[in-house]
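> Take a look at the following structure, please.
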């Protein structure tokens with residue numbers, strides 16, 4: 001198969017605040033010939049994730065460098081090998097990479113690819129429950145929060161790809177699970193499908209003190225473990241209700257990713273001291289060495305139907321920007337994905 | 001010896017903001033007769049510590065309950081046993097307790113007392129470098145920050161009892177140590193006596209961004225370990241310069257203990273995520289089981305003169321309120337203590 005060019009998404013500007021649909025543009029780019037030990041990939045599924053917003057700020061010090069405006073964006077993807085000059089892969093193989101996203105075709109080295117089997121789990125699940133968001137949920141819960149049976153776990157952004165898996169794994173571990181999300185519809189899904197003991201629609205509590213009161217009622221013995229995806233009022237309210245010896249896995253602060261003015265932190269940080277609380281910020285790459293352990297725990301639960309993984313699917317590369325923006329509007333439930341044409 | 005009454009300090013009100021000198025009043029209280037297995041103690045040294053401000057708020061959820069207005073205040077003290085109905089102690093013994101502070105006499109059970117030897121170290125050191133502040137410094141550094149040789153340690157409130165020991169232990173561990181304090185005088189003490197590589201007079205940098213720039217210059221490779229006693233601009237500036245994989249021991253937030261309005265947290269909490277930072281709030285009581293290990297590490301360093309412990313001594317119980325208020329005015333250097341008359 002010979003491919004000379006393919007379409008790819010570029011960022012036209014570093015957004016100030018919420019990116020605009022026009023911040024994303026699809027362009028045709030040349031595909032060079034393969035060199036020795038390279039493979040050519042055709043993207044089948046691509047992932048949009050909140051962390052990508054951080055890469056759209058030009059001056060962030062992080063494990064992951066900022067996007068440039070001069071090249072297609074990168075991101076997680078499941079791709080099919082269409083041509084191979086590497087002995088490790090053959091045409092027809094399926095792989096996960098962190099490069100294949102936001103484009104139709106990509107060229108990769110074998111060490112950047114993980115082979116996946118289409119008959120073991122749906123290909124899209126390797127970008128969700130069996131992929132980076134799933135690993136994030138599992139690592140934050142098991143490696144940072146280290147919950148003990150009977151404890152109370154609070155999960156913000158519980159309707160998302162990461163949060164909904166944290167809730168389900170928390171139930172598997174014998175925890176009392178409180179999830180928050182931004183609509184009544186998501187809350188009933190959290191209770192009926194995900195298994196949350198209590199689901200809080202945070203839009204019913206428009207201030208930190210109201211949200212805090214709702215949490216106090218939901219967690220009369222305090223929150224032992226908090227999986228934080230949101231920030232803002234959620235963090236303030238959770239700190240107000242954190243138990244002595246509590247642990248917080250700081251995964252995301254989506255409430256402030258698009259802020260144009262600095263967002264002040266909670267006023268009750270002193271509770272971290274008086275209640276001996278740990279806060280651990282993390283990105284999933286730190287736990288890459290535990291991937292097998294993660295898959296060994298979560299894949300059987302997915303196969304047996306003990307956990308469910310909902311997907312919000314957008315069709316075609318032209319929808320990639322819209323899929324990304326949907327992460328911040330509260331429209332998505334579960335894992336947001338783009339299915340590529342063809 | 002028969003003692004019928006003694007003087008003790010009461011809190012007259014729960015202060016709103018900085019306590020006033022009149023918030024503390026000395027009253028004569030009756031000393032009841034000893035019951036079986038009790039001892040009567042005469043206080044020789046009492047401690048004033050920043051954490052006591054937290055106990056002056058009536059509604060704080062913590063390991064340590066708030067003070068009441070109906071009884072003498074409590075606090076750390078070195079006392080002499082003057083009468084004993086317990087087989088564990090004889091008159092003339094010296095003990096440390098958490099009850100003997102703020103009063104001339106106290107009655108205690110043996111289990112609340114730790115015997116100390118006046119010929120092994122100065123009695124006052126059991127309230128400072130060999131006592132609770134010393135243990136706080138040692139535990140935060142060794143149990144939370146877990147520094148590796150060559151890393152950069154930043155200590156706020158470095159002129160205080162805890163901070164100055166953290167700096168010295170940090171140097172013993174082969175770290176590059178940056179301390180901040182609120183006067184040029186303290187800063188030269190930090191460099192000349194305590195051994196800080198860099199001492200920052202934070203009053204020269206009256207905003208978080210100025211302090212952050214000073215830290216960036218002092219720690220070009222970032223701050224690997226931060227021992228936080230202060231909060232406010234210090235926390236914001238430290239988070240701006242924290243290294244990837246950094247650790248923060250959250251010991252105190254003295255900048256906000258007397259605030260009358262809620263003090264907002266830092267605007268750059270997202271750095272905790274992108275740089276995979278741990279924040280652990282703690283109080284020293286969690287580490288009580290490690291007291292022997294702490295003494296085994298620190299007492300020899302004190303005896304050999306490898307670390308120095310400066311004291312700010314106030315004379316007499318009538319000065320106890322002033323000694324406490326001195327913690328917040330920046331007047332004290334090293335451990336603040338009250339020497340009791342007699």
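The values are calculated or read from the model by the stated rules, or taken from the named source; none is laboratory data. None of these values were measured; they are calculated from a predicted model. Please note: Cβ atoms are built from the backbone with ideal geometry, for glycine as well, and neighbour counts cover all protein chains shown.
> Check whether at least one residue in segment B:281-303 is facing chain A (nearest Cβ under 9 Å), in contact with a strand residue (DSSP E or B) (Cβ under 6 Å, 6 or more places away or on another chain) and either under 27 Å from residue B:223 (Cα atoms) or surrounded by 20 or more Cβ atoms within 10 Å (Cβ to Cβ) (or both), and report yes or no.
yes
Residue-by-condition table, conditions (1) surrounded by 21 or more Cβ atoms within 10 Å (Cβ to Cβ); (2) at pLDDT 95 or above:
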| residue | (1), (2) |
| --- | --- |
| A:65 | no, no |
| A:71 | no, no |
| A:79 | yes, yes |
| A:90 | no, yes |
| A:96 | yes, yes |
| A:110 | no, yes |
| A:117 | no, no |
| A:139 | yes, yes |
| A:143 | no, yes |
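> Pairs, please: C-beta under 7 Å, at least 6 apart or cross-chain, first residue under 13 Å from residue A:232 (Cα atoms) and more than 7 Å from chain B (Cβ to nearest Cβ) and in segment A:257-273, second assigned to a loop (DSSP other than H, G, I, E, B) and at pLDDT below 95?
Matching pairs, first to second residue: A:257/A:50; A:258/A:17; A:258/A:18.
> Another question, then. What pairs can you find where one residue is in segment B:301-327 and free of Cβ contacts under 8 Å to residues at least 24 places away in the same chain, the other is surrounded by fewer than 19 Cβ atoms within 10 Å (Cβ to Cβ) and assigned to a helix (DSSP H, G or I), and their Cβ atoms are less than 6 Å apart, with a gap of 6+ or different chains?
none
> Moving on. Run residue B:276 past the list (1) within 14 Å of chain A (Cβ to nearest Cβ); (2) on the phi < 0 side of the Ramachandran plot; (3) modelled with pLDDT of 95 or more and report the number of the one that doesn't hold.
Of (1) within 14 Å of chain A (Cβ to nearest Cβ); (2) on the phi < 0 side of the Ramachandran plot; (3) modelled with pLDDT of 95 or more, only one is false for residue B:276: (2).
> Filter segment A:240-251 down to the residues that are touching a helix residue (DSSP H, G or I) at 6+ places or on another chain (Cβ under 8 Å) and either more than 19 Å from residue A:170 (Cβ to Cβ) or at pLDDT below 95 (or both) and list them by number.
Residue satisfying the conditions is A:240 alone.
> Scan segment B:121-132 for residues that are in contact (Cβ under 8 Å) with a residue 24 or more places away in the chain and either assigned to a loop (DSSP other than H, G, I, E, B) or touching a strand residue (DSSP E or B) at 6+ places or on another chain (Cβ under 6 Å) (or both) and jot them down. Give the derivation first.
Taking segment B:121-132 as the starting set, the residues that turn out to be in contact (Cβ under 8 Å) with a residue 24 or more places away in the chain are B:121, B:123-132.
Passing the criteria: B:121, B:123, B:124, B:126, B:127, B:128, B:129, B:130, B:131.
> Another one. Of all residues in segment B:259-279, which are touching a helix residue (DSSP H, G or I) at 6+ places or on another chain (Cβ under 6 Å) and within 23 Å of residue B:159 (Cβ to Cβ)?
Residues satisfying the conditions are B:263, B:266.
> Scanning for something within 30 Å of residue A:87 (Cβ to Cβ), buried (at least 21 other Cβ atoms within 10 Å of the Cβ) and touching a strand residue (DSSP E or B) at 6+ places or on another chain (Cβ under 6 Å), does segment A:13-36 turn up at least one residue?
No, there is no match, as no residue in segment A:13-36 is within 30 Å of residue A:87 (Cβ to Cβ), buried (at least 21 other Cβ atoms within 10 Å of the Cβ) and touching a strand residue (DSSP E or B) at 6+ places or on another chain (Cβ under 6 Å).
> Wholly within segment B:166-250, which helices (runs of 4 or more DSSP H) include no fewer than the required count, namely at least 2 residues that are surrounded by fewer than 20 Cβ atoms within 10 Å (Cβ to Cβ), more than 13 Å from chain A (Cβ to nearest Cβ) and in contact (Cβ under 8 Å) with a residue 60 or more places away in the chain?
Numbers: elements: B:184-189, B:208-218, B:233-241.
In segment B:166-250, there are no helices (runs of 4 or more DSSP H) which contain 2 or more residues that are surrounded by fewer than 20 Cβ atoms within 10 Å (Cβ to Cβ), more than 13 Å from chain A (Cβ to nearest Cβ) and in contact (Cβ under 8 Å) with a residue 60 or more places away in the chain.
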